C-alpha cells in the first residue's frame, strides 16, 4: 500500500510545480502588460507620459509643423496649360508630302533645328515666277533706257518714255511680289530644290507630333504638325467664380497644388484676369504664370490654386487628422519630448479638404500628432 501512495505524492508534487510555474509566468506577463499600457498622466496640464517601448506609441505618428503663406480663399479649380509665350505651334506654309521626320515627342530641340522634310513642288513654281519676273524686269529696263535716249535726242515723243516708265514700274512690282512669295514660303526654313525643311524657331521640347511619314500636309490643316514648348514656363488657368472676383488681383501670389504631389506646393503669380464672364458658367478665366524649373508640372494637369494674402505672413499648416474638435474648440496633441504629449487648444484659420491653417496656438517646427490623436484623447479622458 505504501508504493501507490508514494506515486500519488510524486504526481501531486509535479502538478504543483507546473501550476506554480504557469502562475508565475502569467503574473509576470500581466505585470509587464500593465507597465506598457498604463501611462502616468498629469490631468491638470492635459499631458500624457508613456514609458519607452509602450504599446500605444506604435499607433502614434508625429510630424514637424511647417509654415506656409496665409491663404485668402479655399482652393480654386484650375488646369495647367502651355505658356504660349514660350510655345511654337509648327505648321507648314506650303503643300507637299512628308519625306522624313526628324523629331519625336519628348525630344529636346534647339532653335533652328530641323523637324520635318517635305517634298513641295510648289517651290519650283515660286522660283520659276521669280526668274520669269526678273527676265521681264530686265527687258522693261532696257526698253526704258532706249526710250529715254530717243526722247533726249528728240527723236521720239515724250509719251513713249512715259509708257516705258509705266511698264518698268509694273515689271518691278511683279518681281517684288514673286520674291516676297518665295521668301514667305522659305522664311525661317530651308530648301534644296523641291525639298522643304521645316524648322523650330525656339528651343524646347517636342510636346506633340501630329504628322506621319508620307502624309500630305497643307497650310490649312486644323492642327499644327508639331508643338514645341519650353516646359520650364507654364500657365495655370483658373475658373474663378464671379462672386470671388474681388479677392483676386493682378500680381497676386498664389500656390498651386496637384494630385501627383499631395504634400508639395508650387508658386505662381496672377498675370491676367479676363474681362468677360462666361454666361453659361458664370466664371471668369484667370491666367497665372508658374515657373516649372524641375518639370514636375505637366500641361493639362488638373490643379488647385490658393490665392495668398499680400505680404509675407505665414501660418502653420497641419493635416486635418491632427485636429480634435470638442464643442466650440479645437485641440491638437504636441510632442514636447519623446513619449510626452500635451493637449493644446488652437485657433484654426482656413480649413481645406485635407489640411488646415492654424492662426494661434502652434509654431513652426513643433511636432504635432498626425496619426493616433483620437487614441491619445481617449487615453487622456480615461485617466
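Numerical summary
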item	result
Tally, over segment 192-227, of residues that are buried (at least 18 other Cβ atoms within 10 Å of the Cβ), touching a helix residue (DSSP H, G or I) at 6+ places or on another chain (Cβ under 8 Å) and at pLDDT below 90	1
Among residues of segment 251-275, those that are within 22 Å of residue 63 (Cα to Cα) and touching a helix residue (DSSP H, G or I) at 6+ places or on another chain (Cβ under 9 Å), counted	0
Strands (runs of 3 or more DSSP E) enclosed by segment 43-161 - at least 2 residues per element that are within 22 Å of the chain's Cα centre (by Cα) and touching a residue at least 60 places away in the same chain (Cβ under 8 Å)	66-69, 76-82, 87-90
Top-ranked residue of segment 36-68 - restricted to ones that are at pLDDT below 80 and touching a strand residue (DSSP E or B) at 6+ places or on another chain (Cβ under 8 Å), ranked as surrounded by the most Cβ atoms within 10 Å (Cβ to Cβ)	39
From 353, 345, residue being touching a residue at least 40 places away in the same chain (Cβ under 8 Å) and surrounded by fewer than 18 Cβ atoms within 10 Å (Cβ to Cβ)	353
All positions within segment 319-375 that are over 33 Å from the mean Cα position of the chain (by Cα), more than 20 Å from residue 50 (Cα to Cα) and in a helix (DSSP H, G or I)	none
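The values are calculated or read from the model by the stated rules, or taken from the named source; none is laboratory data. Since the structure is predicted, the reported quantities are computational estimates derived from the model, not experimental observations. We place every Cβ from the backbone using ideal geometry, glycine too, and count neighbours over all the protein chains shown.
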